[in-house]
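Q: Take a look at the following structure, please.
The values are calculated or read from the model by the stated rules, or taken from the named source; none is laboratory data. Note that the structure is a prediction, hence the values are computed from the model and not measured. Positions of Cβ are generated from backbone atoms using ideal geometry, with glycine treated the same way; all protein chains shown enter the neighbour counts. The area values use the complete protein model at the heavy-atom level, side chains included, leaving out ligands, DNA and RNA. Shrake-Rupley method; radii C 1.70, N 1.55, O 1.52, S 1.80 Å.
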Amino acid sequence: MNWDWNVVDDFMPRFWDGVLVTLQAMAVGTLIAFALGLVWALAQRSGHAWVRWPVVAVTEFIRNTPLLVQLFFLFYVVPNFGPSMSPLTTGIVGLGLHYSTYTAEVYRAGIDGVPAGQWEAATALSLSRGRTWRAVILPQAIRRVVPPLGNYVVAMLKDSPMIATIGAFDMLGEAQAFSNETFTTEALTVVGVAFIAIAYPASLLIRALERRLVR
């Protein structure tokens, strides 16, 4: 089959719309995953069982169920009991919530990796528990986990096409719709190249950041 540049030209406006949706989903979903993951990680270390065990149960449930099922649940079931959200908002919340359970484990590992002597030093300085976390533990833990957190950004990019199943057309969703309308494959090829063009530099940036942080 010959490559038709006219088809590509016709697809480009929809492609850029899809790029915008993809980047929005990845960027805002990442912020939710990073912030909520830290909340999960801290709650799992709570001294109160009534806080710790429900959080553990919720995060395990989310981590062990498919993202696609969670998106369908948020979009089709949750509105029956509360306010409905747009397809894009639902997709962003679904991605952020799903990946927050993975970032929580990354934060947990980073916190566990802080030497016990740091806790003892904070106690010797009579620092409050809150200040110990803010000034001593979290800065060291977060520095350790930046590279693995970055890997989840790339993973979220690769999972973002799932939001098209609830009507939020990202790059792949737009390409699929265009291909079905025109019976062509150029749009799918363009999107495949676009994913590589975004994901590969991002992975190189994460590796560079990792090398910088371990010095």
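Q: From the Cα gyration tensor of the chain, with a ≥ b ≥ c the square roots of its eigenvalues, which class applies: rounded if a/c is under 1.5, or else prolate if a/b is larger than b/c, or else oblate? Please list the in-between numbers first.
A: Working: a/c = 3.60, a/b = 1.80, b/c = 2.01.
Taking the square roots of the gyration eigenvalues as a ≥ b ≥ c, the chain is oblate.
Q: What are the DSSP H helices in the chain that stretch 24 Å or more along their long axis, judged by alpha-carbon atoms, and whose average Kyte-Doolittle hydropathy comes to at least 0.5?
A: Numbers: long enough: 5-44 (55 Å, 1.08); 87-112 (38 Å, 0.27); 138-159 (30 Å, 0.38); 186-213 (41 Å, 1.19).
Qualifying helices, which must be both long enough and hydrophobic enough, are 5-44, 186-213.
Q: Pick out, from V55, V153, S86, the residue whose Cα sits farthest towards the positive end of the charge dipole of the chain, with +1 on the Cβ of Lys and Arg and -1 on the Cβ of Asp and Glu.
A: Projecting each Cα onto the dipole axis, the largest value belongs to V55.
Q: According to the square roots a ≥ b ≥ c of the eigenvalues of the Cα gyration tensor, what is the shape class of the range 1-104, taking rounded for a/c under 1.5, prolate for a/b larger than b/c otherwise, and oblate for the remainder? Provide the component values of the computation, followed by the final result.
A: Numbers: a/c = 3.06, a/b = 2.30, b/c = 1.33.
Verdict is prolate for the range 1-104.
Q: Is the shape of the range 67-144 rounded, prolate or oblate, going by the alpha carbon gyration tensor and its root eigenvalues a ≥ b ≥ c, with a/c under 1.5 for rounded and a/b larger than b/c for prolate? Let's see the in-between values first.
A: Details: a/c = 4.52, a/b = 2.94, b/c = 1.53.
Prolate is the answer for the range 67-144, as a/c is 1.5 or above and a/b outweighs b/c.
Q: Given H placed on each backbone N at 1.01 Å, which residues far from D170 in sequence or on other chains put an amide H within less than 5 Å of it?
A: A164
Q: A57 versus K158, label points 7 Å from Cα toward the beta carbon: distance in nm?
A: Taking the simple label geometry, A57 and K158 are separated by 3.3 nm.
Q: Could you order F195, F11 so the one with the most accessible surface comes first? Probe is 1.4 Å.
A: Numbers: F195 35, F11 0 Å².
Most to least solvent-accessible, the answer reads F195, F11.
Q: Put +1 on the Cβ of each Lys and Arg and -1 on the Cβ of each Asp and Glu in the range 54-211; which of A135, A109, G192 then has its Cα farthest toward the positive end of the dipole?
A: Working it through, the farthest residue towards the positive pole turns out to be A135.
Q: So for the pair L31, R143, with labels modelled 7 Å out along Cα→Cβ, what separation do we get in nm?
A: Rounded to a tenth, the inter-label distance reads 2.7 nm.
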